[in-house]
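Presented below is the structure to which this report refers.
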Amino acid sequence: MSTPQVPPQPNQEPQAFPPAWGGGAPQYGSTPPYGPPGQYPGPYAQPNLYGPPGQYPGPYGMPVPPPAKKRKLLWILLGAGGAVLVLIIVGIVVLVNLLGNATNRAMAVSDDFTRLIVNGQSSQAYDQYMDPVLTQSLTKEEFVSGVAGLGLDNSCKPHYDSVNVSSVNGTNTANLAGTLQCQGKILNFRYSFEGNDLKMDAIRLQPQG
């Protein structure tokens, strides 16, 4: 049996009923507290954790710059390697120049010694180029007499087969070998010079054959 409804009395406001549980009155025209689906509201938007392609996110979404220490270390290693390479090249060039100069000097000494003995100036060649150690075993008279017996003249010209120059502990050594080609005959020679002044410490000069 239903309860009869009492009609409202004049000058009496209608009775308000509380809203049903689980929902309130809708708010029209207001922005919802949360943005469209899939978006966060501006003030509380989640920062973009992923930067442009090829970059890793940093704090607060900023791209992380490349590590400066590693790049600096790479440049240091490259610079050190380049410096070492330059030093090696310079050392090789200096060594080649030194050996080249020593070789030219040894050949010049040998040529001058040969020029003296073929021109009959064996005594001067002995005084100028013989090492004191060699003079103890080969006297000037023996040397001059031996050269005279070879019958050398101005037609004799040296031709080198080998020229070996080295330096050990600051002491230069030069070994030269070849032929002394004269008119009508050929002689084999072998000279050995030692020291900064390139004094002759050994000599062999004999007819070929």
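The values are calculated or read from the model by the stated rules, or taken from the named source; none is laboratory data. Predicted, not measured: the structure shown is a model, and the values here were computed from it. Quick reminder, even Gly has a Cβ in these numbers, built from the backbone with ideal geometry, and neighbours come from all protein chains shown.
Below, the figures for the structure above:
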{"read-out": "Unique residue being more than 21 Å from Ala108 (Cβ to Cβ) and touching a residue at least 40 places away in the same chain (Cβ under 8 Å) when the list is Leu150, Leu134", "value": "Leu150"}
{"read-out": "In the range 169-185, the residues that are within 20 Å of Val118 (Cα to Cα), in contact with a strand residue (DSSP E or B) (Cβ under 7 Å, 6 or more places away or on another chain) and surrounded by 18 or more Cβ atoms within 10 Å (Cβ to Cβ)", "value": "Leu176, Gly178, Leu180"}
{"read-out": "Pick from the range 137-163, criterion acidic (Asp, Glu) and not in a helix (DSSP H, G or I), ranking: modelled with the highest pLDDT", "value": "Asp161"}
{"read-out": "Test set (1) in a strand (DSSP E or B); (2) surrounded by fewer than 13 Cβ atoms within 10 Å (Cβ to Cβ); (3) of a type outside the set (A, V, I, L, M); (4) at pLDDT 95 or above - Ser166 fails condition number", "value": "(4)"}
{"read-out": "Test: residue in the range 149-162 that is polar (S, T, N, Q), surrounded by fewer than 16 Cβ atoms within 10 Å (Cβ to Cβ) and under 20 Å from Asn101 (Cβ atoms)", "value": "yes"}
{"read-out": "Answer from Asp131, Asp153, Asp111, Asp161 - the residue that is more than 15 Å from Ile203 (Cβ to Cβ), of a type in the set (D, E, K, R) and out of contact with any helix residue (DSSP H, G or I) (no Cβ under 8 Å at 6 or more places or on another chain)", "value": "Asp161"}
{"read-out": "When residues of the range 186-201 are limited to those that are surrounded by fewer than 16 Cβ atoms within 10 Å (Cβ to Cβ), modelled with pLDDT under 95 and of a type outside the set (Asp, Glu), the one nearest to Leu150 (Cα to Cα)", "value": "Gly195"}
{"read-out": "Candidate set: the range 169-185, residues that are more than 21 Å from Asp127 (Cα to Cα) and outside any loop (DSSP other than H, G, I, E, B); chosen: the one modelled with the lowest pLDDT", "value": "Thr171"}
{"read-out": "Leu134 of a type outside the set (Val, Ile, Thr), closer than 28 Å to Asn101 by Cα, assigned to a strand (DSSP E or B) and touching a strand residue (DSSP E or B) at 6+ places or on another chain (Cβ under 8 Å)", "value": "no"}
